[in-house]
Amino acid sequence: MEASQHKTSNEQKANLCLLEPLLEKNSDLRGSAIAVLQEAQKIYGYLPMEVLERISTATNEPLAKLYGVATFYTQFRLKPIGKHLIMLCQGTACHVMGADRVQQAIEDELRIEDGETTEDGIFTLMTVACLGCCSLAPAMMIDGETYAKLTSDSVRSILRNLRKETRDRC
């Protein structure tokens, strides 16, 4: 598969020079593919195909194996995310307390579904199995900040305020 098949109109070519120090430290991937991919994702915010190709070349690890690891584990992203990552808990407590209604409100407000990014690039929605905030259910995290005891109305207000703050900064 060619890297160009994975690009969206918002993506730019990755600066592979940023990857070189990581590759120098990890020229042998035996047992460390996940750690190297995690570090690469920290650098770029996601794993562009050209980064996977460069890691493959530098380590003699088959591209198919790296791609398989990157697509198997949900921690890895092959597409860029929005400026704000919404992680909505769908664990048992959150589910029982109305996470489905909260998710519907987010999807309606932002016009995206789970795993998608808004057209303006501000938000990406990801549902997660558990945030570990069961007593705060239903809960979500945006950029590491926890929002608790959510309702459809409160989540819409949070998203509108965050969108306004983000646009005002630009």
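Would you give the gap between the C-alpha center of region 11-48 and the C-alpha center of region 80-122, rounded to a whole Å? Distance between centres, Cα-based: 28 Å.
Would you please classify the overall shape of region 12-72 from the alpha carbon gyration tensor, given that a ≥ b ≥ c denote the square roots of the eigenvalues, rounded means a/c under 1.5, and beyond that prolate means a/b larger than b/c while oblate covers the rest? Present the calculation step by step, with values, prior to reporting the outcome.
Numbers: a/c = 1.44, a/b = 1.15, b/c = 1.26.
It is rounded, given that a/c, with a ≥ b ≥ c, falls under 1.5.
Here Asp100 and Gln38 are evaluated by their C-beta separation; at R0 = 35 Å the FRET efficiency comes out at 0.70.
Treating the angle as unsigned and between 0 and 90°, give the value, to the nearest 10°, between the Cα long axis of helix 99-110 and the longest Cα principal axis of the chain. With rounding to tens, the tilt is 80 degrees.
What is the fewest-to-most order of Thr74, Thr118, Thr92 by other Cβ atoms lying within 10 Å of their Cβ?
On the way: Thr74 10, Thr118 18, Thr92 13.
Arranged by neighbour count, lowest to highest, Thr74, Thr118, Thr92 become Thr74, Thr92, Thr118.
Using unit Cβ charges (K, R positive; D, E negative) and no other charged atoms, how large, in debye to the nearest 20, is the dipole of the chain about its Cα centre? Working shown, then result.
On the way: 19 positive and 23 negative charges, 48 e Å.
With only Lys, Arg, Asp and Glu charged at Cβ, the dipole is about 240 debye.
Put in order of Cβ neighbour count within 10 Å, fewest first, the listed residues Val69, Val96, Val51, Val155 become Val96, Val69, Val155, Val51. Note on Ser154/Phe72: beta-carbon distance plugged into 1/(1 + (r/R0)^6) with R0 of 30 Å gives a FRET efficiency of 0.30. Exceedance of the 24 Å cut-off in Cα-Cα distance is limited, within the set Lys13/Lys83; Lys42/Lys65; Lys25/Lys83, to Lys25/Lys83. The alpha-carbon atoms of region 96-170 define a convex hull whose volume equals 85 cubic angstrom per residue.
Rounded to 0.05, the FRET efficiency of the Ser27 and Glu165 pair, given R0 = 41 Å and the Cβ-Cβ distance, is 0.40. This ranking places His95, His84 by how few other beta-carbon atoms lie within 10 Å of each, fewest first, which gives His95, His84.
Bear in mind these aren't lab numbers, they're just calculated from the coordinates by the rules spelled out. All of these numbers come straight from a predicted model, not from anything done at the bench. Please note: Cβ atoms are built from the backbone with ideal geometry, for glycine as well, and neighbour counts cover all protein chains shown.
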